[in-house]
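> Below are the structure tokens for one structure; questions will follow.
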Amino acid sequence: MEPMRRVTFIFALLLVVATAKTVPPPRLAKGPAPVPVPNIVLAKQPFLIPPRNGMPGTVTIPSKNPRRAIMEEHLLTRNGETFRGKFLGYDPAEGLKWSHPDFLPKVIHFLPNRVSLLNFKMGPLPAHAKHHNCQIELSNGDTIAGDLVRMENEKLILNTWYAGELAINTAHIKSLKPGFSSAKVFFEGPKNTKNWTFNNGQNGGLPLRMIPQLPLEQQRQLKERAAQAAKGPTWKLTDGVFESTTSNSMVGRQMKEMPARSSTEFDVEWTGSLNLYVNFLTDSLTSYSMCNGYCLRLTQSYIYLYRYNFNNNAGRGGRVGNNVRVNLASLQGNAHIALKMDAKKKTIALFINDILIQKWENLGDFPSDENGLLFTSRTTSRMKLSHIRVTDWNGNLPEANAKSKSEPKNDYILLNNADHITGELTGISNGKLQLNSDFGEMAIGLEKIGMIHRATERVKAIPTTSGMARAVFKGEGSMAMNITGWKDGKVTATSPIFGQASFDAEVFQSIDFTGKNTRQAPNISPTIKPVLIEKDVRRNLQLLGRGGFPAPRPEKVPQIKPRR
């Protein structure tokens, strides 16, 4: 019996081997051979571990959008019920007119004292909207944006696209950022796709200028791949907003002119986790790494600046300075980004929501060949870009750790060079601020002023009247008011802040009818460079010497509460 088992086992083994030999090897799909592209050699960077007891390197950034609305238009009652539909108008006596496809009659009325919140559909600002530099913070924490005209007779006059001239009662102004500049605008948009280059990163990443230097067959393959990539999913332009839902989608353009000192600003909105690369002063609109220029990498928790060089079919790049730790998750999916560049001082500064986050100095000569601007989405989550603006810049830069101060009896004037002066603000006219100080009467050009903090004894609380609502504007800004009418795209309102005014209805994102017109502004922490613990440095060097890397440690990142 035992010999029979051995024969059976040997026969089975031979059958398996024979069957294995008869199976043909897998065939690779036919297609064009891959085109070799140059490798990018990154400069070595030290491996850093942040301190475990807290995150002193985290930058706190205030949110500009206090409330993210549901995408579709809806109404919320005071007992918590949500009604989707279409807002048709408002009358103080009849209430809010609302249309819902499931209701009869088609038009229903909600009493104002039973409505908690009216939210409009999320969308871009209208085409006639204008960027305003001047920002005012009121005593209740609300903010207003406009162009500063003058201040006299206890009124500050703002010229706005959404309400014409507004006369703001100076008794309710807590702080004022003049934003006065005679900067020349080199680009503002996007308004159309003209002169923009779209790509989805599938063309091999090789700069188009390098294609003529390759063999003919490789040129043909790269051109075909670039043509296919241009037809693939990338950024789409709708109503002045670029939108992407594809990783590695690129959109960029070359700027015809770029002064030695320039400012590049844009708004970004995202869902999920932010991951955006911004190339500037670049000579390539098809790659974020195979280029000559800078690349700013914005992620949810860190910000990096890279410098790339591409010569003789080879690329080199490396990080500039240390990474900057931030907490962008608390910004509720939107932020205003500004890059200030000074080629003479060889300095680049980054602002987020008007807060100086980082300043990179001693960078060497800037790239001078091209002035390209390229945005690359590194996530499949939805991302939007809007209000892209390139201007010249006066070079004034506040210190990152400059503290804003308020004094009981004196107005506090913070200059762009971080100096300050105190006194009584008596007026603003012809681009100059009149100040009564200890040195006598002074006239200071608004272009030299970063911020004005009013004396706390001069700032009065905004009285709350019956039926007062709080309007949140698209983009940024909010204000308490009594709405008296809403018809044909115009909203009439009264308020102790501005008296009487008529607003463009397209500026409103939401209306809070509960009368909660007071908010507490968050504290703004200054930028602090990351700190290294000595034992962590020794541990890193030991592990790097053995070719290993330390495992990440769990850490608590402070959450930034947006303004309410």
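> Tell me, in nm to one decimal, what length is gained between SER381 and ARG220 on full extension, where the rule is 0.36 nm per residue of separation less the Cα-Cα distance?
Gain on extension, SER381 to ARG220, equals 54.7 nm.
> Past the 23 Å Cα-Cα mark, which pairs from LYS359/LYS409; LYS130/LYS340; LYS184/LYS345; LYS121/LYS340; LYS191/LYS344; LYS177/LYS432?
LYS359/LYS409; LYS121/LYS340; LYS191/LYS344, as the Cα separations exceed 23 Å there.
> Once you have the Cα-Cα distance between ARG316 and LYS490, take 0.36 nm times their residue separation minus that, and quote the gain in nm to one decimal.
57.0 nm
> For the residues TRP486, TRP360, what sequence is obtained by ranking on other C-beta atoms within 10 Å, fewest first?
In order of increasing Cβ crowding within 10 Å: TRP360, TRP486.
> I've got another one for you. In nm, to one decimal, how far is the modelled label at HIS100 from the one at SER429, with both set 7 Å along Cα→Cβ?
5.6
> Further, regarding this structure: Which ordering of TYR288, TYR306 is given by a fewest-first count of other beta-carbon atoms within 10 Å?
So the residues, fewest neighbours to most, are TYR306, TYR288.
> Using +1 at the C-beta of Lys and Arg and -1 at the C-beta of Asp and Glu, which of VAL251, GLY240, SER262 has the Cα lying farthest in the positive direction of the dipole of segment 230-296?
VAL251
> Going by C-beta contacts inside 10 Å, put THR193, THR299 in order with the fewest on the left.
Result, fewest neighbours first: THR193, THR299.
> Roughly speaking, what is the stretch gain from LYS194 to THR238, that is 0.36 nm per residue apart minus the C-alpha to C-alpha distance, in nm to one decimal?
14.5 nm is the gain from fully extending LYS194 to THR238.
> Now for a different question. Quick check: Cα centre of segment 144-201 to Cα centre of segment 337-387, how many Å?
21
> Turning to a different aspect of this structure: For segment 336-389, which trypsin sites (Lys or Arg not before Pro) pass both filters: DSSP loop (anything but H, G, I, E, B) and at most 16 other C-beta atoms within 10 Å?
Answer by residue number: LYS344, LYS345, LYS346, ARG382.
All of the numbers you see were taken from the coordinates with simple rules; none came from a lab. These numbers come from a predicted model, not from an experiment. Virtual Cβ from ideal backbone geometry, glycine too; neighbours counted across all protein chains shown.
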